[in-house]
Amino acid sequence: MSKEANEVPLFKNLKQEIRQLCGVAAIRGIIEDLIVVLEEDTPEIRDHVLKTIEKRYPPNEANKNNKVTFEVTEKIVPEAVYTATKIKILNIDGVAAFSKLPDKLEVGMQVFLFKDTPEIWMKVLTTIGDEIPPEKIKFIESRKSSVRCCSFCGKERREVLELFDKNDTPPRICDQCIDLYAQIVSEARAKDKSE
């Protein structure tokens with residue numbers, strides 16, 4: 001078996017092993033130019049990653065030019081950035097809804113589209129700019145343009161008790177989001193009164 005054939009599973013195993021290290025958010029690239037995305041940038045985490053790589057690929061003449069780049073990502077998108085971005089995105093023609101990913105541990109956004117086209121993707125990505133990394137944005141095409149969903153959480157009409165809109169057009173808000181935002185406003189008002 002050739003050396004190249006052996007390296008593919010070895011590299012896949014290495015990527016999985018690095019991804020499981022504490023503080024590592026993602027890993028991408030090839031062994032010659034590896035990018036490790038960290039949730040937290042500490043010398044200990046960097047050292048642990050480099051030692052893990054050296055264990056699988058001991059330093060030698062063949063891999064002396066291999067490069068490891070570290071990037072740092074935030075664990076969460078700040079709420080103010082998310083809200084401002086949502087308002088801009090909902091004004092793009094073809095966008096049905098916009099929400100955070102349902103998994104609280106995963107950073108990112110999902111954009112529901114009436115029609116899944118590269119032109120709409122580019123408008124969304126350009127509007128978002130550098131605030132949210134493009135690899136953290138998931139585009140989802142609504143099954144039909146008539147699918148009605150909440151512009152805030154992305155849930156479809158069949159998943160909620162009520163869905164409110166103006167003149168049957170987005171933006172729409174479901175009863176669950178109204179309850180949630182009413183609770184947030186109530187808590188904020190109570191906090192203001194106590195201060």
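Quick note: the coordinates plus some simple rules give every number you see, no bench work behind them. What you are looking at is a predicted structure, and each value in this text was computed from that prediction instead of being measured. So basically every Cβ, Gly included, is an ideal-geometry build from the backbone, and we count neighbours across all protein chains shown.
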- Message: Could you list Phe164, Phe114 so that the one with the fewest beta carbons within 10 Å of its beta carbon is first and the one with the most is last?
- Response: Phe164, Phe114
- Message: Under 5 Å between amide hydrogens, which residues at least 5 positions from Leu38 or on another chain qualify, with H placed 1.01 Å from N in the peptide plane?
- Response: Ala25, Glu71, Val72, Thr73
- Once the piece of chain linking Phe164 and Glu44 is laid out straight, how much longer is it, given 0.36 nm per residue of separation minus the C-alpha distance between them? 38.2 nm
- Task: Distance check, please: which entries in Lys115/Lys166; Lys12/Lys55; Lys67/Lys136; Lys12/Lys100; Lys88/Lys191; Lys115/Lys138 exceed 18 angstrom between their Cα atoms?
- Result: Lys115/Lys166; Lys67/Lys136; Lys12/Lys100; Lys88/Lys191
- For the stretch 3-72, shape from the Cα gyration tensor axes a ≥ b ≥ c, cut at a/c of 1.5 then a/b versus b/c, turns out prolate
- Taking placed amide H atoms and a strict 5 Å upper bound, the residues 5 or more places from Ala96 or on another chain that come that close are Phe112, Leu113, Phe114
- Sort Tyr181, Tyr82 so that the residue with the fewest other Cβ atoms within 10 Å of its own Cβ comes first and the one with the most comes last. Tyr181, Tyr82
